[in-house]
1. Got a number for residues in the range 607-624 being modelled with pLDDT under 80 and crowded, with 21+ Cβ neighbours inside 10 Å?
2. Name the residue, out of Pro102, Pro166, Pro186, that is surrounded by fewer than 20 Cβ atoms within 10 Å (Cβ to Cβ) and at pLDDT 70 or above.
3. Of the numbered conditions (1) over 18 Å from Leu513 (Cα atoms); (2) of a type in the set (Lys, Arg); (3) part of a loop (DSSP other than H, G, I, E, B), Lys605 fails exactly one; give the number of that condition.
4. Name the pairs: first residue in the range 429-441 and without any contact (Cβ under 8 Å) to a residue 40 or more places away in the chain, second residue surrounded by fewer than 21 Cβ atoms within 10 Å (Cβ to Cβ) and of a type outside the set (Asp, Glu), Cβ to Cβ under 6 Å, at least 6 apart or on different chains?
5. Among the listed residues Ala452, Ala353, identify the single one that is hydrophobic (A, V, I, L, M, F, W, C), under 15 Å from Gly309 (Cβ atoms) and modelled with pLDDT of 90 or more.
6. Only one residue in Ala246, Ala178, Ala269 is within 20 Å of Ile330 (Cα to Cα), out of contact with any Lys or Arg (no Cβ under 6 Å at 6 or more places or on another chain) and not assigned by TED's automatic domain parsing to the domain that holds Ala609, so which one is that?
7. Within the range 112-125, does at least one residue satisfy the condition of being at pLDDT below 75, buried (at least 18 other Cβ atoms within 10 Å of the Cβ), touching a Gly at 6+ places or on another chain (Cβ under 8 Å) and not assigned by TED's automatic domain parsing to the domain that holds Val516?
8. Identify all residues within the range 208-238 that are out of contact with any helix residue (DSSP H, G or I) (no Cβ under 8 Å at 6 or more places or on another chain) and at positive phi; write none if there are none.
Amino acid sequence: MNYKKVAEEIVAALGEYNVQAAAHCATRLRLVLKDTDKIDQQALDNNDDVKGTFLANGQYQIIIGPGDVNHVYKEFIQLTGVGEASTDDLKAVAANQKKLNPAMALIKVLSDIFVPIVPALVAGGLLMAINNVLTAQNLFGPQSVVEMVPALADIAGIINLMASAPFAFLPILVGFSATRRFGGNPYLGAAMGMVMVMPDLVNGYGVANAIVDGSMPYWDIFGLNVAQAGYQGSVLPVLAVAWILATLEKFFHKKIPAAFDFTFTPMLALIITGFLTFIVVGPVMRTVSDGLTDALVWLYETTGALGLGVFGLFYSPIVITGLHQSFPAIETTLLADVARTGGSFIFPVASMANVAQGGAALAVFLLTKNEKQKSLASSASISALLGITEPAIFGVNLKLKFPFICGMIAAGISSAFIGFFHVLSVAMGPASVIGFISISASSIPFFMMGIAISLVLGFGFTFIYGRNKMNEPVAVDVENPTALAVNETPQNKEILPQDETIAAAVSGSVVSLKDVNDPVFSTEMMGKGVAIKPTDNTIYAPADGQLTVAYDSKHAYGIETDTGAEILIHIGIDTVNLNGAHFTSAKKQGDLVKKGDVLGTFNSKEIQAAGYDDTVMMIITNSMAYGDVEVLDKTSVAAGENILAVSAAYEED
């Protein structure tokens, strides 16, 4: 790689005097830009040395790859004159920019709280959907499945029990996640959540009726009548309580001497928060929550099909801004009281928008003659149809613009259609073609018709408009000779990577790379590989080779094996920000290593306590040089056991 040339091309693509600050980690340039609208995105996308780009947390990140990014960075700062900066410096600059937008800051907080608990809610939602299929009338006939097959009644009962648990005990989940996000002890947050759903209290779903019919019991607290009301299914009250709890805990940690801190801080924080919850915070926030829910229901009932059509039209642009990260909080509130709200209109609209963008990407797959674009469009379209739209939106549709707009129009029309027939979801689930399992039984046919409309229109609009648009010469890459490198033949290649098995660098549970909470890894921008949730704190060399990357931050290592595989071992997500804290390194860049050699150590507990994910990623960064990179069928692995198999792209003569 010509580092100076790459840096010059990146600077030109970013725009003159547009870089405010620059740092780098093990794989990417991390930049704070003055104006992201000045970026020549197409130039970066067509640059063979740039493996991908994305915007996150106020930082524009350009993926270069391990071993190269530090050299490109040196040339980059000389060209821009911005001076070297650490990732902490960059984070501070980005944070100052974010302070100008309190709405986005709030959305970030909600996202941090709800994203970790979404799997539990989705699991409960899908179980609830299965229960609906078993118990709904007029789905397969005048009788429900359990009425036709009584032997399934108890099975449905157990499924319903499991489905209801995440929502009935939602305050425990939210309390844990929110208290951690606000800087408190998450287990105290869970304990406070348990207090709010104690069986001794009137069930949260029956509070309104208990007050109306006079059956609500009260505590007498110094002359105050305090309702013994529970908060099952509540969201806003728990968020407020978690913030108060975390604030009190941090206050007492500062004021109470160390000898007594461990004993008295948790007790004082919990008891004060508890009394505030039942006397003031809970009742007030319950009223606010009920008002918000009623307002959303009123808006839906008032605007109907027209309102959902507009929502569907702009749903994908909302995804781009990240505002959709706040939707789980709203949707959870709607679903927690289905009897009153009827369900959620957000999930059906999200399904229409996702499928429309998938249909648009599918049309691009058929239209484009660019092999790289065709490959990306094929996988991105399938991903979008199954509910994950980021690859389709950011990797395909937005780059060409017109497919994204065609998808928006298709989503608006299909959303108006389902709005006309009052299609609502009664559970959380995958916003995709299989989302019907989360829809009320009577509305499933209309939901599937909406999905069909969204797919056909998204595909059709894009294909019809793109037939002429995609025939422009640039799409064929005739003017970009470097693109021919994608189609290299064995005769062009000096060294062919060989078949090889790669061992696990750490012991732990095997996780799909697509489930990692970082788009660089989950979308395989850096290459294919595997993630491991560690149960040990030692990193070992996964194969014989040379250490090509070993940063001072000690959170990442790069190894080029003797047979040609380029392996990136990345410990944790965004742990570069720790600047080496909680890490040790036993090797330096350039060292020759043998499989099983200790590369370094890390402290999982301290990393998690600092607020970072400790998942270890193992990436084959030259995946394109191989015919296949396969994760071996294991749920857990010990360090030194084989976990990846790479197969050569060409057969040797």
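1. Quick first cut of the range 607-624, residues modelled with pLDDT under 80 only: 624.
The next check asks that each one be crowded, with 21+ Cβ neighbours inside 10 Å; those that pass are none.
Total meeting the criteria: 0.
2. Working: Pro102 fails: at pLDDT 70 or above; Pro166 fails: surrounded by fewer than 20 Cβ atoms within 10 Å (Cβ to Cβ).
The conditions single out Pro186.
3. Only one criterion in (1) over 18 Å from Leu513 (Cα atoms); (2) of a type in the set (Lys, Arg); (3) part of a loop (DSSP other than H, G, I, E, B) is unmet by Lys605, namely (3).
4. Phe436/Ile444; Phe436/Met448
5. On the way: Ala452 fails: under 15 Å from Gly309 (Cβ atoms).
So the residue among Ala452, Ala353 that is hydrophobic (A, V, I, L, M, F, W, C), under 15 Å from Gly309 (Cβ atoms) and modelled with pLDDT of 90 or more is Ala353.
6. Details: Ala246 fails: within 20 Å of Ile330 (Cα to Cα); Ala269 fails: within 20 Å of Ile330 (Cα to Cα).
Exactly one of Ala246, Ala178, Ala269 is within 20 Å of Ile330 (Cα to Cα), out of contact with any Lys or Arg (no Cβ under 6 Å at 6 or more places or on another chain) and not assigned by TED's automatic domain parsing to the domain that holds Ala609, namely Ala178.
7. Step one: of the range 112-125, the residues at pLDDT below 75 are 112, 114-115, 118, 121-122, 125.
Subsequent filtering for residues that are buried (at least 18 other Cβ atoms within 10 Å of the Cβ) retains 114, 121, 125.
Right, trim to touching a Gly at 6+ places or on another chain (Cβ under 8 Å) and you get 125.
Keeping just the survivors that are not assigned by TED's automatic domain parsing to the domain that holds Val516 gives 125.
Looking for residues that are at pLDDT below 75, buried (at least 18 other Cβ atoms within 10 Å of the Cβ), touching a Gly at 6+ places or on another chain (Cβ under 8 Å) and not assigned by TED's automatic domain parsing to the domain that holds Val516, one finds at least one in the range 112-125, hence yes.
8. Residues satisfying the conditions are Gly214, Phe222, Gly223.
The values are calculated or read from the model by the stated rules, or taken from the named source; none is laboratory data. All values reported here derive from a predicted model rather than from experimental measurement. Here Cβ is always computed from backbone atoms with ideal geometry, including for glycine, and neighbour counts include all displayed protein chains.
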